[in-house]
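Please read the structure below before turning to the comments.
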């Protein structure tokens, strides 16, 4: 069956030789997360992708140094923020989208399958009937193939599940922000053992991205500095991934990938911040409501994950 969303993304990339986005990356080493400010140089309209709220799990305290660096950059450059874009409900950091929306304006958006994630984790955290599991915490939910603009920049949304059911990639001009679907070639691909994850689906999603034109720029959500490399990096190309990705380069079959991914995932510990992160991020970065003593609590389900 023809993949109309992928065809539209490919055409957009091929046509974007002059209308390329300006991209500024901010790396948060405690969570190994890369946040991007992407803007149209002509109109100065912009989006922030996968922001980070600083969180200390030992004290339960939040802070805003990472987010304030984005605010300072946006104000210095005179940018107008249209969107706070999430690639998925992160399990390794808390989103700063509500704080940034308050400071800079814009709407918070994620893929429509966040509803699936909300249903699974709403049950895990016993979130109660006050937690709407319909995506309404977000300002907008994207479908596969959706198209919008950031100033004069064309944006196409691609649904790329496997790591989570709700993962999406944003094709902005000639650049693709892939979330956790894959990493730099020397680190491979994301795990697929979270609720709703699936290694076979992840393979299909990665191959969908790797079907884009070879010159397509790919921007990672994380870099973990694998052995043998001294510097953090987060930009590569479709061609480089197809040639050298240690998990999914050209010639790796779907069955081979699934066997590798499922075996590898069994050896991995849970992310350090998964429990606080997911119950915040499934709410679009908002914390659960304060209890009758005025204090907000994050739950730790015991022996449940």
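The values are calculated or read from the model by the stated rules, or taken from the named source; none is laboratory data. Keep in mind it's a predicted model, so treat the numbers as computed, not measured. FYI the Cβ positions are ideal-geometry reconstructions off the backbone, even for glycines, and counts take in every protein chain you see.
Could you list all residues from the stretch 179-198 that are under 23 Å from residue 13 (Cβ atoms) and either in contact with a helix residue (DSSP H, G or I) (Cβ under 6 Å, 6 or more places away or on another chain) or outside any loop (DSSP other than H, G, I, E, B) (or both)?
181, 182, 185, 189, listed by residue number.
Would you kindly identify the helices (runs of 4 or more DSSP H) lying entirely within the stretch 3-111 that contain at least 1 residues that are at pLDDT 95 or above?
65-77, 97-104
Identify all residues within the stretch 272-305 that are loosely packed, with under 15 Cβ neighbours inside 10 Å, on the phi < 0 side of the Ramachandran plot and free of Cβ contacts under 8 Å to residues at least 12 places away in the same chain; write none if there are none.
If the condition is that a residue be loosely packed, with under 15 Cβ neighbours inside 10 Å, on the phi < 0 side of the Ramachandran plot and free of Cβ contacts under 8 Å to residues at least 12 places away in the same chain, then 290, 291, 292, 293, 295, 296, 297, 302 are the ones that fit.
If the Cβ limit is 9 Å and pairs must be 6+ apart or interchain, which residue in the stretch 92-108 that is on the phi > 0 side of the Ramachandran plot and in contact (Cβ under 8 Å) with a residue 24 or more places away in the chain pairs with which residue that is assigned to a helix (DSSP H, G or I) and crowded, with 22+ Cβ neighbours inside 10 Å?
Partner pairs satisfying both residue conditions: 106/97; 106/100.
From 213, 288, which residue is more than 21 Å from the chain's Cα centre (by Cα) and either modelled with pLDDT of 95 or more or within 23 Å of residue 145 (Cα to Cα) (or both)?
One residue alone meets the criteria, 213.
What tally of residues in the stretch 199-241 results from selecting those that are out of contact with any helix residue (DSSP H, G or I) (no Cβ under 9 Å at 6 or more places or on another chain) and assigned to a loop (DSSP other than H, G, I, E, B)?
Qualifying residue count for the region: 14.
Could you check the stretch 249-269 and list, in sequence order, the residues that are under 28 Å from residue 30 (Cβ atoms) and touching a residue at least 40 places away in the same chain (Cβ under 8 Å)?
Across the stretch 249-269, the qualifying residues are 261, 264, 265, 266, 268.
In a loop (DSSP other than H, G, I, E, B), on the phi < 0 side of the Ramachandran plot and crowded, with 21+ Cβ neighbours inside 10 Å - does that describe any residue in the stretch 114-136?
no
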